[in-house]
Amino acid sequence: MEINQLKQELIEYSKEIGVQKIGFTSTDTFETLKQRLMVQQSLSFHSGFEKGTIEERTTPTKLMPKAQSIISIALAYPSRMKDAPKSRKGDRRGIFARASWGKDYHDVLREKLNLIGEFLQKKLDGVACKAMVDTGELSDRAVAKRAGVGFVGKNCSLITEEYGSWVYLGELITNVPFEPDEPIEEGCGDCNICVDACPTGALVQGGQLNAQRCVAYQTITKSFLPDEFREKLGNRLYGCDTCQIVCPKNKGKDFHLHPEMEPDPELAKPKLIPLLKMSNREFKEKFGYMSGSWRGKKPIQRNAIVALAHYKDETALDTLEELMHKDPRPVIRGTAAWAIGKIGRQDAYEMIEKAMEKESDEDVLFEMEKGLEFLTQKI
């Protein structure tokens, strides 16, 4: 079959299986990305979750020696929740970032990419494919940008004309020599809203992110949350959407094209106190299908405690006191003590002092001291 004809047939097929955008690019080395990654590494701006060496992340043929092209796909996800429950006094809720609403997007995109791979294998003999979504070596954004799917904005998100940045990305490396598409040159111009709006200044400048200062990164760490980020967390349990919410390119963009991506409001915006009482099994049963559950319940519960402190929710104190005394995890015990001090009810000082008598972990004791200090400042 003639390759250009196959490309057109594949584009049509991608629409049939619910892919919003598809683009094609070469397997040439991503030279600009390579230089940027070297700078990021030298400045310690990388998150540490990246897979592979810089060479593997920028040279597709290192991952598939006979690769000749890369197919990039984008699926649009919702930016607004229908019937979102309200967070009320005494019944406070946290929030998962939009990229964690509905079924884990890694699974959704892999299904689409596998269908595309099967389509090619039926059309041509000897087709080889390698699918990647987010956790692979290649940068989904760099591939999508070069494949003409969109441009990378100052908020480091891939922005499409039709769907803004509310898109999931994935790619398929293949040995089929498709004609590459042209990249889109459009950019952000003078707009700097996202850089100015970033809660922690993680967007050092347009297009450069210090991942370790990003709130989204901080929500998935497992140790004690540094004090400066506790103040910025608000009620976020997983991820951060600020730089996308403020983007003018996202104004009015809200698409509900995939039923499996629709959020369950009670899970995407869950009640905080019940979340703290969940067993591992309950957490997996409820939240396991969402991408935001991948680090387990500990970071989510730690963030829920910080959110309750943010709300100064006195109705949470009994639960927090129990965690401070009985939870086997030092991070949870210590964060609970800190939150009790932050909420600052009259009997909070006595609560923390009593727990200190039995506590032996130095990090937890340090958090307890912080809690007492909040209370001392109130007197």
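The values are calculated or read from the model by the stated rules, or taken from the named source; none is laboratory data. In this text the structure is predicted, and so the values were computed from the model without any measurement. Every residue, glycine among them, receives a Cβ derived from its backbone with ideal geometry; neighbour counts consider all protein chains shown.
Taken over the stretch 79-134, the criterion of being touching a residue at least 40 places away in the same chain (Cβ under 8 Å), of a type in the set (Asp, Glu) and on the phi > 0 side of the Ramachandran plot is satisfied by Asp83 alone. Considering every residue within the stretch 177-191, establish whether at least one is in contact with an Asp or Glu (Cβ under 8 Å, 6 or more places away or on another chain) and not β-branched (Val, Ile, Thr). Yes; the residues of the stretch 177-191 include at least one that is in contact with an Asp or Glu (Cβ under 8 Å, 6 or more places away or on another chain) and not β-branched (Val, Ile, Thr).
Is it the case that Glu171 is closer than 21 Å to Leu120 by Cα and of a type in the set (D, E, K, R)? Judged against the criteria, Glu171 is a match.
Residues in the stretch 267-280: is at least one part of a loop (DSSP other than H, G, I, E, B), of a type outside the set (Phe, Trp, Tyr), within 30 Å of Gln205 (Cβ to Cβ) and modelled with pLDDT of 95 or more? No, the stretch 267-280 contains no residue that is part of a loop (DSSP other than H, G, I, E, B), of a type outside the set (Phe, Trp, Tyr), within 30 Å of Gln205 (Cβ to Cβ) and modelled with pLDDT of 95 or more.
Any residue at all in the stretch 103-122 that is within 22 Å of Glu2 (Cα to Cα) and assigned to a loop (DSSP other than H, G, I, E, B)? Scanning the stretch 103-122 turns up no residue that is within 22 Å of Glu2 (Cα to Cα) and assigned to a loop (DSSP other than H, G, I, E, B). Apart from one condition, Ile159 fits all of (1) assigned to a strand (DSSP E or B); (2) surrounded by fewer than 21 Cβ atoms within 10 Å (Cβ to Cβ); the exception is (2).
Looking at the stretch 345-357, I want the residues that are closer than 16 Å to Thr335 by Cα and have a partner that is modelled with pLDDT under 95 with Cβ atoms under 6 Å, at least 6 apart or on another chain. Which pairs are those? Sorted first by the residue in the stretch 345-357, then by its partner, the pairs are Ala348/Leu375; Tyr349/Leu375.
In the stretch 42-63, the count of residues that are over 30 Å from Gly234 (Cα atoms) and touching a strand residue (DSSP E or B) at 6+ places or on another chain (Cβ under 7 Å) is one or more. Within the stretch 74-93, being touching a helix residue (DSSP H, G or I) at 6+ places or on another chain (Cβ under 6 Å) and farther than 30 Å from Lys312 by Cα holds for one residue alone: Tyr77.
List the number of the failed condition for Gly126; all other conditions in (1) surrounded by fewer than 17 Cβ atoms within 10 Å (Cβ to Cβ); (2) among the small types (Gly, Ala, Ser); (3) in a helix (DSSP H, G or I) hold. The number of the failed condition is (3).
Take the stretch 183-222 and flag every residue that is loosely packed, with under 14 Cβ neighbours inside 10 Å and either charged (D, E, K, R) or within 18 Å of the chain's Cα centre (by Cα) (or both). Matches in the stretch 183-222: Glu185, Glu186, Asp190, Asp196, Gly201, Lys222. Restricting attention to the stretch 136-151, the residues that are modelled with pLDDT under 95 and either among the basic types (Lys, Arg) or touching a helix residue (DSSP H, G or I) at 6+ places or on another chain (Cβ under 7 Å) (or both) total 5. Can you find even one residue in the stretch 170-181 that is of a type in the set (Asp, Glu) and assigned to a loop (DSSP other than H, G, I, E, B)? There is at least one residue in the stretch 170-181 that is of a type in the set (Asp, Glu) and assigned to a loop (DSSP other than H, G, I, E, B).
In the stretch 264-290, the residues that are free of Cβ contacts under 8 Å to residues at least 24 places away in the same chain reach residues that are surrounded by 13 or more Cβ atoms within 10 Å (Cβ to Cβ) and hydrophobic (A, V, I, L, M, F, W, C) with C-beta atoms within less than 8 angstrom, at least six apart or across chains, in these pairs: Phe283/Ile300; Lys286/Leu267; Lys286/Met278; Phe287/Leu267; Phe287/Ile300. Of all residues in the stretch 364-379, exactly one satisfies the criterion of being at pLDDT 95 or above and surrounded by fewer than 13 Cβ atoms within 10 Å (Cβ to Cβ), namely Glu373.
Checked against the criterion of being within 20 Å of Gln244 (Cβ to Cβ) and among the acidic types (Asp, Glu), the candidates Asp107, Asp134, Asp125 yield just one match: Asp134. Scanning the stretch 76-95 for residues that are part of a strand (DSSP E or B), at pLDDT 95 or above and over 25 Å from Glu162 (Cβ atoms) yields a total of 2.
Test Thr160 against the criterion of being among the β-branched types (Val, Ile, Thr) and out of contact with any Leu (no Cβ under 9 Å at 6 or more places or on another chain), and give yes or no. Criteria met by Thr160.
Of the residues making up the stretch 1-50, those that are over 30 Å from Gln212 (Cα atoms), among the aliphatic types (A, V, I, L, M) and within 28 Å of the chain's Cα centre (by Cα) are Ile17, Val19, Ile22.
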